[in-house]
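Below is one structure, written out as structure tokens; the observations come after it.
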Protein chains: 4
Amino acid sequence: MSLKQSLYEQLVPEARASGISRLNLFIVGVVLASFLFLALETEPTLTGDPRWVQAFAVFNTGVLAIFTLEYAARLWVAGLDPQYRGFGGRLNYMTRFYSVADLLAFAPELVVMALGGGGSLLVLRVLRLARLVKIARFVPAFDALGAALRRSGSQLLTSLAVALSLVYVSAVLLYFVEGVGGEHQEQFASIPRAIWWAVATLTTVGYGDVYPVTPLGRFFSAIIAIAGIGVVALPAGVFASAFSDELRERRERGQGQ
Amino acid sequence: MSLKQSLYEQLVPEARASGISRLNLFIVGVVLASFLFLALETEPTLTGDPRWVQAFAVFNTGVLAIFTLEYAARLWVAGLDPQYRGFGGRLNYMTRFYSVADLLAFAPELVVMALGGGGSLLVLRVLRLARLVKIARFVPAFDALGAALRRSGSQLLTSLAVALSLVYVSAVLLYFVEGVGGEHQEQFASIPRAIWWAVATLTTVGYGDVYPVTPLGRFFSAIIAIAGIGVVALPAGVFASAFSDELRERRERGQGQ
Amino acid sequence: MSLKQSLYEQLVPEARASGISRLNLFIVGVVLASFLFLALETEPTLTGDPRWVQAFAVFNTGVLAIFTLEYAARLWVAGLDPQYRGFGGRLNYMTRFYSVADLLAFAPELVVMALGGGGSLLVLRVLRLARLVKIARFVPAFDALGAALRRSGSQLLTSLAVALSLVYVSAVLLYFVEGVGGEHQEQFASIPRAIWWAVATLTTVGYGDVYPVTPLGRFFSAIIAIAGIGVVALPAGVFASAFSDELRERRERGQGQ
Amino acid sequence: MSLKQSLYEQLVPEARASGISRLNLFIVGVVLASFLFLALETEPTLTGDPRWVQAFAVFNTGVLAIFTLEYAARLWVAGLDPQYRGFGGRLNYMTRFYSVADLLAFAPELVVMALGGGGSLLVLRVLRLARLVKIARFVPAFDALGAALRRSGSQLLTSLAVALSLVYVSAVLLYFVEGVGGEHQEQFASIPRAIWWAVATLTTVGYGDVYPVTPLGRFFSAIIAIAGIGVVALPAGVFASAFSDELRERRERGQGQ
């Protein structure tokens, strides 16, 4: 088997019946490590330490090198697939969603580094999130999420509309009770501020930065909380049920073949 | 096709087999924008700025004009439906739930504006919530919510009764442990105050404005929290399940035809 | 129809095929009102006002009179049921769970009031919670809750054991990370205190009175929260599903007859 | 029946068709009590009181004695099972997972106590968590949890990957909006800190130690909360559904036999 053929089998997921090749597993590992480093790089207690700064620089250079090599290798072996053969085929390949994400994952930083910018620009770091796509390709049934979204379409829309209406109406109510009347609380002094309270309450996050203090506000708030937790959880329930149905059908279809 | 006929097809949802016409989509957009502006209009940091105040005035006048025209157009084209033909038919039309909501959505503010009140009265703004009905008409399966409520009737009642009993009994317990005994906490000094704690805890909102501080209070509170989150989530679960059953039956009935 | 016969049909739920009689509906209303007053009676801002104090006294006396009359009437008409006829039958009737609860709902307070104690003792007020039983009798499918509890038996036990083990192990972990090591936080200084944190976190109540502050504590806490919300919600899910199964079977059994 | 035979039937769960023997119930009780004492022993308000310290010492010694006796008895009667007969069989028995946990539950503390260390070392106390295994053996359907984990395998992986991606991307977004821009909040000053916020929000724990304060941060936070609660609850839902399926199949298999 030629190097090109063996690289093809290591790099292209579709070349395998199931599972993930060692090379792709390594790449997934590099992506996960790069997310860890992206997070650490922003921590002030670490960026003040020259040793960490150096470690970040070395790691980032290494990651960029790996992704550049990976991209070149993918481009090279893509020719083994008839639809991506030749120059036009390669252009087709490069404009695929996955290939664009692969390019965004290293090219902009590489260009800035070449121009002497040091890769320290914040915006460039955000582009690293494109590396998520590299992982998504290997998560089983990841595409079932999109199918579940389409499948639950109108029910999801309905339940979201109901949830958002409840948030809005609750906010208007509490704005009047706590902001306009009551103790004139700063935190309820406008509808947008009351919406912040309504979202925190109805999703049951309840940070505790905003809460009603008057008896009437607490009375309405209690009713809204008891009646509302179900309503705001409806979209999530609809989606979860569609996702689970989608996966069951896939399994049954797979067994039926 | 006459203007009246084409307006009828644009305005009346029942005139279309499915989907939403461009004119109705525009109206839904105006309603959504009017809710955004209703919220922004109450924000003190914006109402202090004359440019925003002017923007609000211009926008509100425009919205009122659009809804007035819409109401007139709906009233005009309603005659194409045999049951709303003639003067008596129009009266029937105007007393429908949807038509009353349409009228409430602009008429009171228009009257006050004509009398020189400027439309700035708070109560008038609340009437704008009637515009929600304009959107509800186009949310698919919105009416399934009402059917789900009726369908889950006695189960919903039972689970709500259990949930509210648990809230009350928990509040009485913690009132004795934390308010009467213990550290005599202000926040547990009466049963109504303890109910506020019980609602915040059992819905898992947990603002953090009230919580037990004595070991005994924390012991009971922990048991209540672990046993109770399921019980208070029961009504929501019953309703969600009835909603999902209702939608499945509708889909099956639709396919059966 | 004699007064005794007509009272029997108004008072005894089993005498009706379905629904609730007007007299029983009135009694349920009185019970609900008495719970509202029980709560208000403990509120310091009201007990300082002589008018409220008088209102409480009048209301309580009225409620006691109603429940005394109700008890006497129930005892009288019980004789229409063969199994409660005569003196021995009445004794049987009085030792039923429902009858004991009915007695506890008024007799102790009546005795203390007769002795001049004014009915103001706190312990006596708690006995009013026995009035909940008066309502429970009329909540449809209330007894399905007990059946659901038995039905989910061993699964509920398993999921509770898993949930409690997770709470305990999480508490021990955070006790070491935050209490013994780390910043020596007061709130994590012992395992019982850490259990309070674990319960608040895993039930997602999250009051915010206790939370990890060290990076390591937050790291473990995040893992525990993501993995744990499902585990601690398991008992609730098991119970809700058993409750819903029980109700479906009852409906099907009812239709099958 | 010989003592050995009767001890075998009391100690070995497999010797009974169902239920739990009195001796094993006693051991479970001792384990539960030892967890209670392990917790109390760390409470500073108790460890300052010499009477409590003595009670802890007496209790721990008693528990160690009981578990030592239990271990010896189990080792002795194991010979009644052909596969653990003789010296080699006993070695096999001692290297089973359950036997190792039984040994860890008392031996290290016994050794330290013999050496005069008093059993007060913290690390030794953690080893007491091995006693959980003693209970797990008697929780019905406990092993169904492992089966549910395997059964939900790839779906659980997918939903966890989606949940963690959402946590990471939300954290990066809020880091830019609140930490880099906005009010330069300390709590959002790095991605790891923002991850702490994202976990607390998306699991709906919401301690309230970190929350966005700028309008833009609150806007994104509200969208993330409403869309995200469903996504982060997906893994839990997938696992709960697999657990319930596993239990139903076991029941049906049991009835089918």
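Odds and ends about this structure:
- Neighbour counting of Cβ atoms within 10 Å sorts the residues C:70, D:109, fewest neighbours leading, into C:70, D:109.
- Sorted from nearest, the other copies put their residue B:253 label points 2.9, 2.9, 4.1 nm away, the label point being 7 Å from Cα in the direction of Cβ.
- Across region A:225-237, rounded Karplus estimates of 3J(HN,Hα) from the backbone phi angles (6.51 cos²θ - 1.76 cosθ + 1.60, θ = phi - 60°) give 5, 5, 6, x, 4, x, 5, 6, 7, 4, x, 4, x Hz, Gly and Pro being marked x.
- Extent of region A:74-172 along its three principal axes (Cα atoms, max minus min coordinate, largest first): 56, 40, 23 Å.
- Cubic angstrom per residue, convex hull over Cα atoms of region B:128-257: 133 Å³
- Number of partner chain Cβ atoms within 10 Å, mean per residue of C:218-227: 5
- Label-point spacing at residue C:69 relative to the other copies reads 6.6, 6.6, 9.3 nm, in ascending order, each point sitting 7 Å out from Cα along Cα→Cβ.
- Charge tally in the Cβ shell below 15 Å around residue B:23, where Lys, Arg are +1 and Asp, Glu are -1, residue B:23 excluded: +2
- log₁₀ of I(q)/I(0) at q = 0.06 Å⁻¹ - the protein assembly as shown, Debye sum with one point per alpha carbon: -0.60
- Eigen-decomposition of the gyration tensor built on the alpha-carbon atoms of chain B gives equivalent ellipsoid semi-axes of 47, 29, 15 angstrom, largest listed first.
- Comment: the Cα-to-Cβ extended label point of residue A:153, at 7 Å, lies 3.4, 3.4, 4.8 nm from its counterparts in the other copies, nearest first.
- Using alpha-carbon coordinates, inclination of helix C:153-174 to the longest axis of chain C, degrees: 40 degrees
- Dipole of region C:117-257, positive direction: furthest Cα of C:184, C:226, C:127, with charges on the beta-carbon: C:127
- Look at the stretch D:144-157: the mean tally of other chain Cβ atoms within 10 Å of its residues' Cβ atoms is 2.
- Taking chain A as a Gaussian network of alpha-carbon nodes connected by springs under 10 Å, the highest mean-square fluctuation of the residues A:51, A:150, A:137 belongs to A:51.
- Estimated inter-spin distance, residue A:115 and residue C:65, nm [label 7 Å along Cα→Cβ]: 9.0 nm
- Straight-distance crosslink candidates among lysines, where the alpha carbon sits under 22 Å from residue C:4 and sequence neighbours closer than 8 are dropped: C:134
- Summary value for region B:149-256: 35 percent relative contact order, contacts being C-alpha pairs under 8 angstrom separated by 6+ residues.
- The mean number of partner chain beta-carbon atoms within 10 angstrom of a residue's beta-carbon across peptide C:189-195 is 6.
- Span from the region B:110-187 Cα centroid across to the region D:236-253 one, whole angstrom: 36 Å
- For the options C:208, C:153, C:237, a Gaussian network treatment of chain C with springs between C-alpha atoms closer than 10 Å singles out C:208 as fluctuating the most.
- Residue-level result for chain D: its Cβ closest to the axis carrying D onto A, with that distance in Å, is D:208, 3.
- Helix-only mean residue ellipticity at 222 nm for chain A, each DSSP H run of n ≥ 4 adding -39500 (n - 2.57), per residue, nearest 500: -22500 deg cm²/dmol
- Charge-dipole axis of region D:1-140 as Lys and Arg at +1 and Asp and Glu at -1 on Cβ define it, positive-most pick from D:116, D:78, D:32: D:78
- Karplus 3J(HN,Hα) series, Hz, for region D:50-62 with 6.51 cos²θ - 1.76 cosθ + 1.60 (x for Gly, Pro): x, 5, 5, 4, 5, 4, 4, 4, 4, 4, 4, 4, x
- Where N is the number of residues in region D:3-140, Cα Rg divided by 2.2 N^0.38 Å: 1.14
- Cβ-to-Cβ counts within 10 Å put B:8, A:207 in ascending order as B:8, A:207, the fewest first.
Since every read-out is calculated from the coordinates, none of them should be taken as a lab result. As the structure is a prediction and not an experimental result, all values here were calculated from the model. Positions of Cβ are generated from backbone atoms using ideal geometry, with glycine treated the same way; all protein chains shown enter the neighbour counts.
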